[in-house]
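The values are calculated or read from the model by the stated rules, or taken from the named source; none is laboratory data. All of these numbers come straight from a predicted model, not from anything done at the bench. Note that we place each Cβ from the backbone using ideal geometry, even for glycine, and neighbour counts take in every protein chain shown. Remember, those area values only see protein heavy atoms, side chains included, never the ligands or the DNA or RNA. Shrake-Rupley method; radii C 1.70, N 1.55, O 1.52, S 1.80 Å.
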Amino acid sequence: MSSDFIYTNIADRSRFERIEIVETQGALCDYFVVTSEGKSFFMKRLKDEHSADKVSRSILAKEHEIGCTIDHPNIVKHVSINDDENGYYLLMENVVGMTLDRFITTYPDYFHRRANLDKFFNQLLSALKCLHAHHIVYSDLKPENIMLTQVGNDVKLIDLGFCMTNAYTMTAGTTEGYSAPEQISKGALNIATDIYGIGKIIEYIGQNIPDSLPNIYARIMVKCTKERQKDRFQDTDEIVHLINRRRHVIRKSTIWAVCCVVMFLAIRTIAYTEVFNSWWDSFEIITPSVEHDTQDTSTLYRILSEKDRTCEVVGHTTNPNAYINPTAVIDGKTYRVVQIADEAFANKSYLRSVYICEGVEAIGVRAFRHCSNLVSVTIPSSVKVIKNGAFFECRSLTSIKLPTTMTCIERGAFAGTGISNITIPEGITRLELDLLGNCEFLESVDLPKSLTLIDRGVFFNCPALTQITIPENVESLGELLFWDSDNLRDIYNHAVTPQQITPFHRNIAQLTVHVPAESVEAYKAAPIWRDMTIVPLKESK
């Protein structure tokens with residue numbers, strides 16, 4: 001993609017180093033490209049005559065709310081919404097590229113290539129699927145709202161102002177020539193409304209590449225634009241499968257053709273020996289249970305259970321922004337994505353952001369290990385388990401929000417990350433070995449009341465950590481727990497009975513331990529604790 005997805009928070013800034021007006025303007029807003037600290041943003045500012053209008057302001061606020069909810073590589077990223085002396089404005093990423101109508105005029109031959117056409121619709125459908133997963137109907141699909149980036153010709157769905165959600169039911173957009181029948185008749189809108197829009201986009205492209213639209217797209221267009229919603233495709237996966245079916249057929253046919261040729265040559269040149277067996281066994285790496293994501297998000301899946309129709313993410317190619325879909329279509333069948341496999345994204349230094357949809361239940365062992373440039377991870381409430389070393393040495397990962405429904409975080413899951421603060425969800429009972437070890441920027445940790453064990457080296461070498469609160473139910477503290485966390489000064493230990501401990505800090509004499517008032521004498525008499533300064537909790541800050 002041509003734009004970054006992580007921004008410095010500039011919500012309170014109303015002054016910019018540079019402001020350039022955009023030639024194309026809207027009915028409601030004026031458009032600008034602004035620069036702050038060397039980074040460019042796209043600005044939508046309400047026109048003067050609309051600045052005080054409540055409906056106009058709510059439309060802009062709605063667009064920002066939706067934009068902040070959605071994190072998808074093919075949907076414009078929103079930054080902030082502000083009000084200054086010049087009026088109400090919205091900031092979002094500045095997408096360098098062209099809208100579809102301008103692009104197709106500038107590059108009339110681009111969609112003559114089937115691969116380009118497939119890529120475009122796979123990305124567009126992936127964006128819509130993400131919106132639908134959040135119960136959002138885009139409702140205003142048209143060439144002017146679809147951009148292709150200057151670098152990579154990737155899709156960017158822009159202008160979320162007329163999306164329809166459960167909270168905003170009266171702001172759906174309509175555009176003559178692209179609106180579905182139910183929009184014109186003020187009927188109920190749903191996913192099929194956007195499906196109709198896909199059909200009209202196919203029709204638009206087909207009008208601009210005469211006699212070059214593949215037959216499958218013509219058939220898709222006809223079904224998408226049926227009068228009745230129930231006669232159209234009912235979700236984007238159905239269209240995606242039809243678009244990519246040819247690709248899978250060709251790939252399988254090619255593999256078998258190559259196998260047959262190589263086998264014939266091998267049999268002619270060598271006897272049926274162990275060498276031949278070894279050669280044949282090497283083809284096990286091409287397993288039918290691993291398929292490219294049919295939505296062209298560069299993700300690979302493996303089938304886990306045919307009976308339950310479940311699969312896992314097992315790999316990723318070169319897209320820096322990974323979007324883990326809740327389902328995958330493999331050989332025409334839809335499978336639920338229930339986990340990210342062990343080492344699925346390990347050592348992918350180009351990976352910058354990860355969005356995991358609801359439905360994924362587990363993140364595997366070392367799944368994102370050594371993703372040195374990973375800065376953003378969105379984990380849904382369905383994830384219950386994060387396994388050993390899942391984010392080990394993700395140095396650029398500075399924050400992460402864990403779902404409150406999580407039940408297990410295994411050892412070293414966040415060791416060596418750039419996290420500065422973290423809240424461990426209620427319900428977690430154990431912090432396992434080296435969980436947050438070598439987190440050099442870790443300043444604060446909120447631990448749950450459900451916690452009973454903090455294992456060895458959990459806060460090993462956390463030099464930014466100056467204080468910590470240990471909940472009252474913690475019965476065991478592991479060795480080397482705070483070793484090399486040399487700036488730790490205060491421990492607020494709510495346990496009534498002193499835990500039996502081994503030395504867990506290089507210089508325990510510098511530690512002040514705040515304990516329940518009734519337990520002060522017990523701590524002063526307990527081995528190792530007695531070498532620290534013990535004070536009642538009422539004296540803590």
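Overview of results
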item	result
Answer residue from the stretch 408-459, given it is touching a Cys at 6+ places or on another chain (Cβ under 6 Å) and not aliphatic (A, V, I, L, M) and is nearest to residue 495 (Cα to Cα) among those	439
Tally of residues being more than 29 Å from the chain's Cα centre (by Cα), in a helix (DSSP H, G or I) and either closer than 22 Å to residue 238 by Cα or in contact (Cβ under 8 Å) with a residue 40 or more places away in the chain (or both) across the stretch 201-210	5
Which listed residue is open to solvent by less than 10 Å² (accessible area, probe 1.4 Å) and aromatic (Phe, Trp, Tyr), from 523, 492	523
Residue tally, condition closer than 15 Å to residue 162 by Cα and crowded, with 18+ Cβ neighbours inside 10 Å, over the stretch 190-218	4
Index of the failed condition, residue 148 passing every other in (1) outside any helix (DSSP H, G or I); (2) modelled with pLDDT under 90	(2)
Of residues in the stretch 393-425 being over 22 Å from residue 320 (Cα atoms) and charged (D, E, K, R), the one least open to solvent (accessible area, probe 1.4 Å)	410
Checking residue 476 against (1) at pLDDT 95 or above; (2) open to solvent by 20 Å² or more (accessible area, probe 1.4 Å); (3) in contact with a Leu (Cβ under 6 Å, 6 or more places away or on another chain), the condition it does not meet	(1)
Residues satisfying the stated conditions in the stretch 18-74, i.e. among the small types (Gly, Ala, Ser) and either out of contact with any His (no Cβ under 6 Å at 6 or more places or on another chain) or within 22 Å of residue 155 (Cβ to Cβ) (or both)	26, 27, 36, 38, 40, 51, 52, 58, 61, 67
Number of the exception - residue 42 against (1) part of a loop (DSSP other than H, G, I, E, B); (2) open to solvent by less than 50 Å² (accessible area, probe 1.4 Å)	(1)
Members of the stretch 55-96 found to be open to solvent by less than 40 Å² (accessible area, probe 1.4 Å) and in a helix (DSSP H, G or I), listed by number	56, 59, 60, 61, 62, 63, 64, 66, 67
Residue in the stretch 529-538 that is open to solvent by less than 50 Å² (accessible area, probe 1.4 Å), in contact (Cβ under 8 Å) with a residue 24 or more places away in the chain and either more than 21 Å from residue 445 (Cα to Cα) or among the basic types (Lys, Arg) (or both) present	yes
Residues satisfying the stated conditions in the stretch 106-136, i.e. assigned to a loop (DSSP other than H, G, I, E, B) and within 19 Å of residue 69 (Cβ to Cβ)	134, 135, 136
Pick from the stretch 494-508, criterion part of a loop (DSSP other than H, G, I, E, B) and among the hydrophobic types (A, V, I, L, M, F, W, C), ranking: farthest from residue 441 (Cα to Cα)	496
Residue match in the stretch 495-505 (condition: over 28 Å from residue 379 (Cβ atoms), modelled with pLDDT under 95 and of a type in the set (A, V, I, L, M))	yes
The stretch 368-392 - residue that is in a strand (DSSP E or B) and touching a residue at least 40 places away in the same chain (Cβ under 8 Å) and, of those, surrounded by the fewest Cβ atoms within 10 Å (Cβ to Cβ)	378
Residue in the stretch 314-361 that is nearest to residue 124 (Cα to Cα), counting only those that are open to solvent by 20 Å² or more (accessible area, probe 1.4 Å) and among the aromatic types (Phe, Trp, Tyr)	355
Residues satisfying the stated conditions in the stretch 120-143, i.e. out of contact with any strand residue (DSSP E or B) (no Cβ under 8 Å at 6 or more places or on another chain) and either open to solvent by 20 Å² or more (accessible area, probe 1.4 Å) or farther than 20 Å from residue 358 by Cα (or both)	121, 122, 129, 132, 133, 134, 135, 140, 141, 142
Residue, farthest from residue 229 (Cα to Cα), within the stretch 97-117, restricted to residues that are open to solvent by less than 10 Å² (accessible area, probe 1.4 Å) and not aliphatic (A, V, I, L, M)	103
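Yes or no, residue by residue, for (1) modelled with pLDDT of 90 or more; (2) outside any helix (DSSP H, G or I); (3) more than 33 Å from the chain's Cα centre (by Cα):
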| residue | (1), (2), (3) |
| --- | --- |
| 188 | no, yes, no |
| 198 | yes, no, no |
| 212 | no, yes, yes |
| 223 | yes, no, no |
| 249 | no, no, no |
| 254 | no, no, yes |
